[in-house]
Amino acid sequence: MSSSLVSIIEFITGIVLLFSGGEFFIQGSVALALIFGIPQLVIGLTIVSLGTSAPELFVSAHSSLTGSDSLALSNIVGSNIFNVMVVLGCSALLRPLKVESRLVRRDIPLLLGVSAAVWGMASSGLITWQFGIALLIALIINTTWEIRTAREEPQKTQEAEPTINMERDSTNFIHAALKLLAGIFLLTFGSKLLVQGASSIASLLGVSEAIIGLTIVSLGTSLPELITSLIAAIRGQTDLAIGNVIGSCLLNQLLVLGGCSLLSGGNGLVVENLLITKDIPIMVITTLACMPIFWTKGKISRGEGGVLLGLYLLYIADKLIPLTFPSLHSAYNQLVIFAIIFTSIIIIYKTISYWFILKNNPNN
């Protein structure tokens, strides 16, 4: 069997194991939490969110431990870009997503602030373990704040939470523990296969691990978020569809990046120049673009979802064209610049329109 086929099989098998492991991890964790009497509110805000981000956590952690810093960081950056553009975009195409004011007032500004802080630290070329500790402390503060503020609005929180079946999930301790252990095993083994396959594919194609991490690895690890949000949109749980994306993006940076910077040892995570100059800024800009999109009529329309999805296709094409049609790359860059300018004009127009509406109708 050729080495390229082995790498592809490893990569696909890794994705399947990560997806299965994430499901077992959530089921086992929720069951144990219910057995120990942890409130459903806390389960919804912590364990379920962690379960959908578990593939990113295990893949990036394994990459850090094996010295693949570029793959670890690019997986986080690529996953956040994928979550905002593809997960939100596809969900909005299925059903326009209603945006709660809490997202605009609190969650999006928080995500934007964290993303900007990550960009600032990464611009030095190194994400140190001290910065990792700061991110983990921020995670603890944010989780505590989430739980406290959610208790003040229990009805809204209950509507936005994933459904947890108390009778089904309150199984015996051994059964729950076995599910949790099975999930951890599948996540660990799946992340190892995925990283091995991705690294081999990068070598065979002659591209950096960062490119692979930003594209196919981030797509594979973001499948749980995509499926969760699509199902939520179909069921009409638009709060869950959006909250899943924002929560996952926050966890990717606070937990996954914070943990990876500690696992990398005293040297910290080395940041590839491509990520500093292009992809991390794109991650920050896509987060910033959420603000005016969320402002418009309090929802993400199907048209805006289509725009997000189209921008992601342009982003991926920008990664692939230099490898397939290098002669067209210069012309394509001009097309991308035009698309960015056109999108920016639309965003500015929508922002100005929103503020005029607020000024004329302050009660809205």
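Of note:
- Residues that are assigned to a helix (DSSP H, G or I) and either among the charged types (D, E, K, R) or at negative phi (or both) within region 298-313 comprise ARG302, GLY303, GLU304, GLY305, GLY306, VAL307, LEU308, LEU309, GLY310, LEU311, TYR312, LEU313, listed in sequence order.
- Only residues that are of a type in the set (A, V, I, L, M, F, W, C), modelled with pLDDT of 80 or more and surrounded by fewer than 22 Cβ atoms within 10 Å (Cβ to Cβ) were counted across region 280-305, and they come to 4.
- Counting the residues of region 117-134 that are part of a helix (DSSP H, G or I) and either closer than 17 Å to LEU251 by Cβ or free of Cβ contacts under 8 Å to residues at least 60 places away in the same chain (or both) gives 9.
- Options ILE316, ILE321; residue that is within 18 Å of GLY78 (Cα to Cα), touching a Phe, Trp or Tyr at 6+ places or on another chain (Cβ under 6 Å) and assigned to a helix (DSSP H, G or I): ILE321
- Enumeration of residues in region 176-194 that are more than 9 Å from VAL59 (Cα to Cα) and among the small types (Gly, Ala, Ser): ALA176, ALA177, ALA182, GLY183
- Sole residue being modelled with pLDDT of 85 or more, touching a strand residue (DSSP E or B) at 6+ places or on another chain (Cβ under 6 Å) and either under 15 Å from SER60 (Cβ atoms) or in a helix (DSSP H, G or I) (or both), chosen from SER248, SER218, SER261: SER261
- Hits in region 330-350 - residues which are surrounded by 15 or more Cβ atoms within 10 Å (Cβ to Cβ) and of a type outside the set (A, V, I, L, M, F, W, C): TYR332, THR343, LYS350
- Flag if ALA241 is of a type in the set (Gly, Ala, Ser), over 20 Å from LEU73 (Cα atoms) and touching a strand residue (DSSP E or B) at 6+ places or on another chain (Cβ under 8 Å): yes
The values are calculated or read from the model by the stated rules, or taken from the named source; none is laboratory data. Small disclaimer: the values here were computed from a predicted structure and weren't measured. Methodologically, a virtual Cβ is constructed for each residue, glycine included, from the backbone with ideal geometry; neighbour enumeration extends over all protein chains shown.
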